[in-house]
Amino acid sequence: MAVPPNVSRHTTSMNGWPEGSTDGSEPNPGARRTPHVQQRAGGFGPPTPPRPGAGQQPGSGYGPGSGSASGSASGSGPDYGSDYGPSSGPGYGSGSGYGSGPEYGSGSGQAEPPLPPGLSPRGGVASPGGAVASGSGAGGTTYRAGRPGGGGSGSGPRSGRRPNWRRRITWGVLTLVTLLIATSIGTYVWADNKLHRTVNLSVLPDQPPLGKGTNYLIAGSDNRGNLTAAQQKALHTGSDDEGQFGESDSMMILHIGSHGDTLLSLPRDSYVTIPAFVGPSGTHYPASTHKLNTAFSWGGGALLAQTVEYNTGIHIDHYAEIGFGGFVNLVDALGGVKMCLSQPLVDQASGADFKAGCQTFNGAQSLEFVRERHQAPQQDLTRMADQQKFLAAVAHQAATPSTILNPFKLYPVLSAGIDTLSVDKNMSPYDLAQMFWAMKSVSGGSGHSLTVPISNANYETQSDGDTVLWDKSQSQALFNELQNDQPVTITNNDASSVVSGD
């Protein structure tokens, strides 16, 4: 479409007519002059300075292309001419191409840099991701990845994917917890299958009613059945000539309750009534009065538990028997047990030969220490006090972090500890662990370490020689407190005070 020659060549509106003039008459004085419209020489105004690097494209039509209406035009600035041919960018006129920016005009002229998107006639819409549209010179539109802060070809900075540390930590913790649970379950099953269950407490006759708290009967056995002749000689145990079950040098009741744990020693020479029982061969034996360890020699752990229940009225919930050979292995697996002696200790019968002060006993030395009784004036009572201290020290050493957190030490200790024990039919690894933790609390001062109240430590008998008589009133009061899980009122009756005569 040609523009009438008499139209003023100033600014041109989008419909082809000069802004403010529609029919060749004088421009309307009130018409607004478009500030961004370019004026061209030879067309509608002087030429604009060429844009560096811009080419010239001929064009003769209307539509997308890369030329101009009646000459050549290039650049990216808007240009309005009579032929409405954009030299670069979308055009409307006789041009046939798109340049690099919106331009409206005809003839020859150079385009200025593109206007900001807010002032561009096309709206300056950018492609997603900052791409800028540019003319392809072949009637198509291409998109080039923009750089930060402007258009142009190229790609922006690549951002690496950051590691999700929260997820990694969460999975790591879950994996660790799973491994710990699986290891704990496996260890529990292994220990449960390894326990030697020999005593059935549930079939004992005339048991006291269930008490409050939990009561363990712990016995030390000198049965040498698991020791070779060389070991018996090395450990100074002598031969085993004390019957099927041997003898018990130590017997203790461990009470676990709500008022603290209590470890109560029962002297092996306590003069008590052994209730009627049926022997291993089926023979019925009537009730009789003898030393407490006689019950163990006649009927093992089962008759010992029955005798303790009969004379104390305390219901025994669990039974644990500690043997010689396993005791030595347990201490060696622990790496020794530290003990402090107030005076030197020498005993040819047990082989003990220790200096005063703190020292670490190995397995053989520990056995010598707990069996020694001839040096002190009150032999069995002194040994009983030493045994209490030593067992508490063993439990304390077994429960230290250096043992529990070190699997190369923990499992040998568990294996040796289980091998040294014979327990009741209902004992579980959990019950066993509870027993050792309670002994640890006693050694740490959180509980009581007592001996049964004694009225006569040298009571002469015709059949059993010197025996130990319990104080009936005080001992019965103590037994009732333990059976009913009441606070222990006897506080000055530990093994040491009994030995010293306090």
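The values are calculated or read from the model by the stated rules, or taken from the named source; none is laboratory data. Everything numeric in this text was worked out from a predicted model, so none of it was measured. Please note: Cβ atoms are built from the backbone with ideal geometry, for glycine as well, and neighbour counts cover all protein chains shown. For accessibility, only protein heavy atoms count, side chains too; no ligands or nucleic acids. Shrake-Rupley method; radii C 1.70, N 1.55, O 1.52, S 1.80 Å.
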Candidate set from the range 456-476 (those that are of a type in the set (Gly, Ala, Ser) and not in a loop (DSSP other than H, G, I, E, B)); member that is farthest from Thr382 (Cα to Cα): Ser473
If you go through the range 250-266 one residue at a time, how many are open to solvent by 20 Å² or more (accessible area, probe 1.4 Å) and either part of a strand (DSSP E or B) or modelled with pLDDT of 95 or more (or both)? 1
How many residues does the range 348-385 contain that are assigned to a helix (DSSP H, G or I) and modelled with pLDDT of 80 or more? 8
Find all pairs meeting these conditions: Cβ atoms under 6 angstrom apart; at least six residues apart or on different chains; first residue within the range 194-219 and touching a residue at least 24 places away in the same chain (Cβ under 8 Å); second residue aromatic (Phe, Trp, Tyr). Val199/Tyr319; Leu217/Tyr319
Return the residues of the range 267-281 that are closer than 24 Å to Arg197 by Cα, open to solvent by less than 40 Å² (accessible area, probe 1.4 Å) and modelled with pLDDT under 95; say none if nothing qualifies. Arg268, Phe277, Gly279
